[in-house]
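A quick write-up on the structure given underneath.
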Amino acid sequence: MILMVTGGAGFIGSAFIRQALALGHSVINIDALTYAGNLDNLASVAEHPQYSFEHLDINDRQALDPLFKAHRPDRVVHFAAESHVDRSIAGPDAFIQTNINGTFTLLEAARVHWSENGAGDFRFHHVSTDEVFGSLGLDEDQRFDEETPYDPRSPYSASKAASDHLVRAWHETYGLPVTLSNCSNNYGPFHHPEKLIPVVILSCLGNRPIPLYGDGKNVRDWLFVEDHADAILKIIDEGELGRTYNIGGEAELSNLDLVTRICEIFDRLRPRAVGSHAELITLVKDRPGHDRRYAIDISRIERELGWRPAISVDQGLEKTVRWYMDNQDWWRSILQAQESAETQREPA
C-alpha cells in the first residue's frame with residue numbers, strides 16, 4: 001500500500017514507519033518537526049527507496065492537496081498531535097491548533113482525494129488515546145472499552161476527544177471510510193526524554209533524583225511501541241470501516257511499581273556505588289487533573305483481528321533501558337537543543 005503518515009518523525013509514528021517499510025509498503029511522511037518531531041528517529045530508513053519526507057504542517061491545506069494528488073495514497077495514518085499533558089496545561093493553544101484544527105484540515109483534504117480522485121480502496125485511520133475516557137477507579141474489574149463514554153480531564157485529552165468526534169462525523173456525514181484506535185501509554189526506543197519512562201532512565205544514568213508525581217499510585221497500562229505499530233498495521237488492512245479499536249499492553253502498573261522495576265533493571269545492569277536506584281525516587285507535587293487509573297479492554301481487536309501484544313512489560317522495559325544506554329548521542333542532542341532554546345527565551 002501507499003501510506004501517507006502524519007507525524008511520522010515522532011515517537012510512535014516513526015516506529016510505525018520503520019515497520020511499514022519492512023513489510024514492503026511505501027510511505028510519505030508528513031511532519032512539521034515541532035519539538036517532538038525528530039528525523040533522527042528515521043535515520044535507519046531515510047534512504048529507503050519507498051520512503052519520502054515532506055516538511056509541512058497539517059493545517060496547511062494548500063500544501064496538502066498537491067501531495068494527495070501527487071502520491072494518491074491508499075491510506076492516511078494520522079499520528080500528528082501535541083501529546084504531553086503537562087505542556088497542554090501550560091499552553092493549550094498549540095493542542096487546539098494541531099489536534100483539532102489540524103485534524104479537520106487533514107480530513108477535508110482526504111475527503112476531496114477520496115471523493116474526487118477515484119480512490120476506491122482509500123481509508124483514513126485516526127490514532128487517539130485512552131485519556132479521552134477520563135479516569136477509572138482502582139477497581140481492577142473496570143476497563144475502558146470502545147463503548148466507554150468520553151470524559152476528558154485535560155486540555156490534551158479534550159483536544160483528542162474533539163478530533164475523534166470529527167473523524168466519526170466525517171464518516172457518518174460524508175461517508176469517508178475511516179477507522180480509529182485509542183491506545184494506552186506507549187514506551188520504547190526513541191521516546192522523547194520528557195516522558196516518564198525516559199525521565200526515570202536518564203535520572204538513573206545520571207544518579208539524580210527520580211521525580212514521581214503525588215503518591216505514585218496512579219495506574220497506567222503500558223504498551224510497547226512496536227506492538228502498537230503492529231496493531232495499527234492490522235487495523236488499516238483488516239479493520240471494519242467506521243470501527244474503533246482499543247489497543248493496550250495488558251500491563252497495568254502503578255507509577256511507583258513501574259519506576260521501581262526500572263530501578264531494579266539498573267541495579268542489575270549498572271549498580272550504584274552505594275545503595276539501590278530506588279533510593280533516588282522522590283515524590284513531588286501532583287500535577288493538576290492527574291487521572292487516577294487507565295486500563296484498556298482489548299477484547300475487540302483480539303476477537304476481530306487476532307491481535308495481542310507480543311512484548312511483556314518486563315521485556316519491553318529492559319529493551320528500552322538498554323536502548324537508552326546504547327544511544328546516548330540521540331537523547332543528549334535533544335536535551336541540548338532544549339537547553340539552547342530555553343536559554344534563548346530567557347530575558348537579557
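The numbers here are math on the coordinates, done by the rules we state, and not lab data. Just so it is clear, the structure is predicted and the values come from calculations on it, not from any experiment. All Cβ positions, even for glycine, are placed from backbone atoms using ideal geometry, and neighbour counts span all protein chains on display.
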Tilt relative to the chain, helix 61-71 - C-alpha long axis, 0 to 90 degrees, to 10
70
What residues qualify as long-range amide H neighbours of Ile210, i.e. H under 5 Å apart, gap of 5 or more or another chain, H built at 1.01 Å from N?
Ile281, Thr282
Of all the C-alpha pairs in the stretch 18-112, what % are more than 23 Å from each other?
30
So, R0 is 51 Å and r is the distance between the beta-carbons of Ala169 and Glu194; what FRET efficiency does that work out to, to 0.05?
0.95
Would you give the gap between the C-alpha center of the stretch 1-74 and the C-alpha center of the stretch 213-237, rounded to a whole Å?
21
Over the chain, what is the percentage of antiparallel beta bridges among all DSSP beta bridges, to the nearest 5?
10
I want to verify a result. In a Gaussian network model of the chain, Cα cutoff 10 Å, which of these has the top mean-square fluctuation: Asp286, Asp326, Asp141?
Asp141
Considering amide H positions built from the backbone, and no H for Pro or chain starts, which residues 5 or more places from Gly134, or on another chain, come under 5 Å of its amide H?
Asp151, Arg153
What's the extension gain from Thr105 to Ala22 if we count 0.36 nm per residue and subtract their Cα-Cα distance?
26.9 nm
I need the Debye-formula profile for the stretch 52-97: one equal scatterer per C-alpha, no solvent, reported as log10 I(q)/I(0) at q = 0.15, 0.23 1/Å, two decimals.
-0.53, -0.90
From the residues Val27, Thr98, Gly8, which one has its Cα farthest along the dipole of the stretch 7-142 in the positive direction, the dipole being from +1 and -1 charges on Cβ of Lys/Arg and Asp/Glu about the Cα centre?
Val27
What is the pair-distance distribution P(r) of the stretch 113-231, computed from all Cα-Cα distances in 5 Å bins starting at 0, with each bin given as a whole percent?
2, 9, 14, 17, 18, 15, 10, 7, 4, 3, 1, 0
What are the ³J(HN,Hα) values, in whole Hz, obtained from phi via the Karplus relation 6.51 cos²θ - 1.76 cosθ + 1.60 with θ = phi - 60°, for each residue of the stretch 236-250 in sequence order, with x given for Gly and Pro?
5, 9, 10, x, 6, 4, x, 9, 10, 10, 7, 10, x, x, 6
Taking the inverse of the average 1/r across all pairs of different Cα atoms in the stretch 183-337, what Kirkwood radius in Å do you get?
16.7
Taking the Cα centre as origin and putting +1 on Lys and Arg beta-carbons and -1 on Asp and Glu beta-carbons, what dipole magnitude results for the stretch 226-316, to the nearest 20 debye?
400
For the chain, set up a GNM with springs between Cα atoms under 10 Å and report which of His171, His55, His113 has the largest fluctuation.
His55
Once the convex hull of the alpha carbons of the chain is built, what does its volume come to per residue, in cubic angstrom?
143
Virtual paramagnetic centre 7 Å along Cα→Cβ of Ala94, amide N under 13 Å, in the stretch 178-196:
194
If the chain between Leu335 and Leu283 were fully extended at 0.36 nm per residue, the gain over the current Cα-Cα distance would be 16.4 nm
In whole Å and largest first, what semi-axes does the C-alpha gyration tensor of the stretch 1-53 yield when each eigenvalue is scaled by 5 and square-rooted?
17, 10, 9
Here, Trp323 and Ala310, labelled 7 Å along Cα→Cβ, have an inter-label distance in nm of 1.4
Compute the projected area of the convex hull of the Cα atoms of the stretch 35-168, averaged over all viewing directions, and report it in nm² to one decimal place.
10.5
Against the empirical 2.2 N^0.38 Å scaling, what ratio does the C-alpha Rg of the stretch 268-348 come to?
1.68
